[in-house]
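Inspection log for the structure reproduced underneath, given as structure tokens.
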Amino acid sequence: MNRQLDLLADCRPETKNIFLAQGTAVTCPKGHLCLRAGEDNHSLYFLLNGKVIIYNLTKNGGRKILFVLGNGHLANESITQEYNSVFCETLEPCHLFKIQRKVFLTLMEQDFALARTLLAYQEQKIRRLEYQLKNTVGNVYLERKLASKLWKLARDFGVPSQNGILIDMDLTVTFLADLLGAPRENTSRACRKLCGLGLIHMEKKKITIPDPEQLKLWNR
């Protein structure tokens, strides 16, 4: 399990032992809500295996996906706060490591290496959000935003296939619209344009990128 939780890499051995002893491995089915915004933030969830989405609701009640996370990531956005600020939903059957938030905070107080690693992790997520905000400027074409999202998904979850890099997850137009924060119809048109340019291939719920570097360069 240590290899799946990089945040433990620099911790003292006693910190690792307490962390593993105080937590519990849990299995969640596809579509399970691990976290709900506004509910009590009793536990922290670390993803051991699988994929989850982190999202919030728009003023119209739709979803705006903030992150798609894989192995080793922390599902919670709130660590010191008593209430969750986001929703976390599994995209597939997942194995997670659950530990009480207060126990984890105590370990951070006792072992600065753990606190430093977590700060670095959170800073990285903030940089990702900053990049997303930059790409929400009105003069950025939707297809370029979509290309950027797909390139990142291919980098994080891509597997080699005969036709290029297959993004190893189900990607419906509705899901992509939630990821972009755009209407479904506009997202569908953006998908068709990228397909027409040969930058992506879509078949049912799967997307393959023939040349990720070409997609990255086109997006600049």
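The values are calculated or read from the model by the stated rules, or taken from the named source; none is laboratory data. Since the model is a prediction, treat every value here as computed from it, not as a measurement. Virtual Cβ from ideal backbone geometry, glycine too; neighbours counted across all protein chains shown. SASA here: full protein model, heavy atoms, side chains in, ligands and nucleic acids out. Shrake-Rupley method; radii C 1.70, N 1.55, O 1.52, S 1.80 Å.
Assorted remarks:
- Those residues of segment 192-220 which are in contact with a strand residue (DSSP E or B) (Cβ under 6 Å, 6 or more places away or on another chain), open to solvent by less than 40 Å² (accessible area, probe 1.4 Å) and not in a strand (DSSP E or B), in sequence order: ILE200, PRO212, LEU215
- In the set LEU57, LEU74, only one residue is closer than 21 Å to TYR131 by Cα, at pLDDT below 95, hydrophobic (A, V, I, L, M, F, W, C) and open to solvent by 70 Å² or more (accessible area, probe 1.4 Å); that residue is LEU57.
- Selected residue (criterion: farthest from GLU89 (Cα to Cα)) from residues of segment 155-172 that are touching a helix residue (DSSP H, G or I) at 6+ places or on another chain (Cβ under 8 Å) and surrounded by 16 or more Cβ atoms within 10 Å (Cβ to Cβ): GLY164
- Residue count for segment 173-191 satisfying the condition of being open to solvent by less than 70 Å² (accessible area, probe 1.4 Å), touching a Ser or Thr at 6+ places or on another chain (Cβ under 7 Å) and over 18 Å from PHE67 (Cβ atoms): 1.
- The one condition from (1) among the aliphatic types (A, V, I, L, M); (2) open to solvent by less than 40 Å² (accessible area, probe 1.4 Å); (3) within 30 Å of ARG184 (Cα to Cα) that LEU66 does not meet is (2).
- Being modelled with pLDDT under 95, surrounded by 13 or more Cβ atoms within 10 Å (Cβ to Cβ) and under 30 Å from ARG12 (Cβ atoms) holds for only one residue in ILE126, ILE79, and it is ILE79.
- Among residues of segment 91-116 being among the charged types (D, E, K, R) and open to solvent by 40 Å² or more (accessible area, probe 1.4 Å), the one that is nearest to ILE79 (Cα to Cα) is LYS102.
- Scanning segment 19-51 for residues that are of a type in the set (A, V, I, L, M) and within 17 Å of LEU7 (Cβ to Cβ) yields LEU20, ALA21, ALA25, LEU44, LEU47, LEU48.
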